[in-house]
Number of protein chains: 2
Amino acid sequence: MAGKVFSSVTMSLDGFIAPESLSELMGRQWVELQRWVFPQRFFRENLHLGGGGEEGRDNDVLRETFERTGASVMGKRMFDAGEEMWPEDAPFHTPVFVVTHEEREPWERPGGTTFSFVNDGIESALAQARAAAGDRDVRIAGGGATILEFLDAGLVDEFSIAVSPVLFGSGIRLFDGVDAGRVALEQVHAESSDRVTHLTYAVRAR
Amino acid sequence: MAGKVFSSVTMSLDGFIAPESLSELMGRQWVELQRWVFPQRFFRENLHLGGGGEEGRDNDVLRETFERTGASVMGKRMFDAGEEMWPEDAPFHTPVFVVTHEEREPWERPGGTTFSFVNDGIESALAQARAAAGDRDVRIAGGGATILEFLDAGLVDEFSIAVSPVLFGSGIRLFDGVDAGRVALEQVHAESSDRVTHLTYAVRAR
């Protein structure tokens, strides 16, 4: 049975998922946005930051998101930022398909992550990711423009948003320019921890 | 004991609380945004729409918000829209202070709502609302620009947002231009129904 196509991101209460400039990644705003993630046991394990960490629902959400993912798709902007930041043992541990105009041989990392570079569009990237994922799900990892492109094209089955208690004021909005006349949502799950609220929506065509 | 200053609005997942134009109020998007409200018993009672209606947590939230409110403050745009739409027995049943440049005598409605028109700014309106509210809370009712003005000025203690499962794409954003460097938030409550997620944040100065 084929898996679902989903995304899962952390968003500020005013709708931003990243600062405007990559140089602000790891700045104060982004750290506040992601604050719920850093203390979690799964996050520490997956990035080899050492043992310990919290094991509540926030941790479960991170682990479940990882475990359901058989392959990821991402845009060039996210890949370029990550290439600088990820450890050698990149945190995906599955095939990752990068939508880009750049032609490049697959890049295999220790720990099971292989980046493949797809030059013929999002539907091709998704088809390759589905084939690689088997009966697990395909995650549209990011960034925002890539998630929105898949959403507007009707290719996303559901998405989760962790709403952080922070206001950005400026930056990159997840839904900037969304085709609101096409995308209808159904709230299918919601739960909160002290730090963040996890919302899951199913996507329906209008 | 003085009450709190709060706001409570319904927001689309992409951050909008109203369409761009007043003529679109009651249009499809706005109806989808507010869909969680219409079936509630309290809403029906308060607008004299007849008996019946749902009595779950969504209804409790509406009733609790009404009951804690000893006075409201609103901007001229919201008042102008409401003046056309509210029934003669306006749905506030408390003093309402309208921040406006227009000079006008207080406008008393049947059922306990009196609109007073304040020409000397938001702090004056708030002081008058606090005095009128006694030990109950003051609600900054709207619109978005007025809520943001109070928030940026450090005059809001907490706010609640009902996040509806709808994408607007365009319209009036609640937090457009927020002074993000000044406003820090703490998530103090979150709960969901099938239709909507209610989030409450305490506001802290940075």
Within the stretch B:152-165, which residues are closer than 20 Å to B:R28 by Cα and facing chain A (nearest Cβ under 8 Å)? B:V163, B:P165
Kindly provide the set of residues from the stretch B:104-131 that are part of a loop (DSSP other than H, G, I, E, B) and crowded, with 18+ Cβ neighbours inside 10 Å, ordered by number. B:T113
Against the definition (of a type outside the set (A, V, I, L, M, F, W, C), loosely packed, with under 15 Cβ neighbours inside 10 Å and under 20 Å from A:S116 (Cα atoms)), how does A:E20 come out, yes or no? no
Check on A:G154, at positive phi and under 16 Å from the mean Cα position of the chain (by Cα): no
So in the stretch A:166-175, with the set limited to residues that are assigned to a loop (DSSP other than H, G, I, E, B) and either of a type in the set (G, A, S) or in contact with a helix residue (DSSP H, G or I) (Cβ under 6 Å, 6 or more places away or on another chain) (or both), which one is nearest to the other protein chains (Cβ to nearest Cβ)? A:G169
Please work out which residue is surrounded by the most Cβ atoms within 10 Å (Cβ to Cβ), limiting yourself to the stretch A:33-50 and to residues that are over 19 Å from A:W86 (Cβ atoms) and touching a helix residue (DSSP H, G or I) at 6+ places or on another chain (Cβ under 7 Å). A:W36
State yes or no: is B:G134 open to solvent by 30 Å² or more (accessible area, probe 1.4 Å) and in contact with a His (Cβ under 7 Å, 6 or more places away or on another chain)? no
Name every residue in the stretch B:137-146 that is more than 11 Å from B:A71 (Cβ to Cβ), open to solvent by less than 70 Å² (accessible area, probe 1.4 Å) and not hydroxyl-bearing (S, T, Y), in order of residue number. B:G142, B:G143, B:G144
Can you give me the number of residues within the stretch B:181-197 that are part of a loop (DSSP other than H, G, I, E, B) and either touching a Pro at 6+ places or on another chain (Cβ under 8 Å) or within 8 Å of another protein chain (Cβ to nearest Cβ) (or both)? 4
Residue match in the stretch A:198-205 (condition: surrounded by 20 or more Cβ atoms within 10 Å (Cβ to Cβ), at the interface with another protein chain (Cβ under 7 Å from one of its Cβ atoms) and within 26 Å of A:R35 (Cα to Cα)): yes
Give B:V178, B:V163 a once-over and let me know the one that is in contact (Cβ under 8 Å) with a residue 24 or more places away in the chain, part of a loop (DSSP other than H, G, I, E, B) and open to solvent by less than 40 Å² (accessible area, probe 1.4 Å). B:V178
In the stretch A:181-197, which residues are closer than 18 Å to A:Q29 by Cβ and open to solvent by less than 40 Å² (accessible area, probe 1.4 Å)? A:V196
Give the residue, chosen from A:A71, A:A2, that is in contact (Cβ under 8 Å) with a residue 60 or more places away in the chain, surrounded by fewer than 22 Cβ atoms within 10 Å (Cβ to Cβ) and among the hydrophobic types (A, V, I, L, M, F, W, C). A:A2
Against the condition charged (D, E, K, R) and within 14 Å of chain B (Cβ to nearest Cβ), how does A:E149 come out, does it pass? no
Write out, first by first residue and then by second, each pair whose Cβ atoms fall under 7 Å of each other, whose residues are 6+ apart or on separate chains, and whose first residue, in the stretch A:77-89, is over 19 Å from A:I172 (Cβ atoms) while the second is open to solvent by 70 Å² or more (accessible area, probe 1.4 Å). A:P87/A:H48; A:D89/A:H48
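The values are calculated or read from the model by the stated rules, or taken from the named source; none is laboratory data. Computed from a predicted structure; not experimentally measured. Please note: Cβ atoms are built from the backbone with ideal geometry, for glycine as well, and neighbour counts cover all protein chains shown. All accessible areas refer to the heavy atoms of the entire protein, side chains included, with ligands and DNA or RNA removed. Shrake-Rupley method; radii C 1.70, N 1.55, O 1.52, S 1.80 Å.
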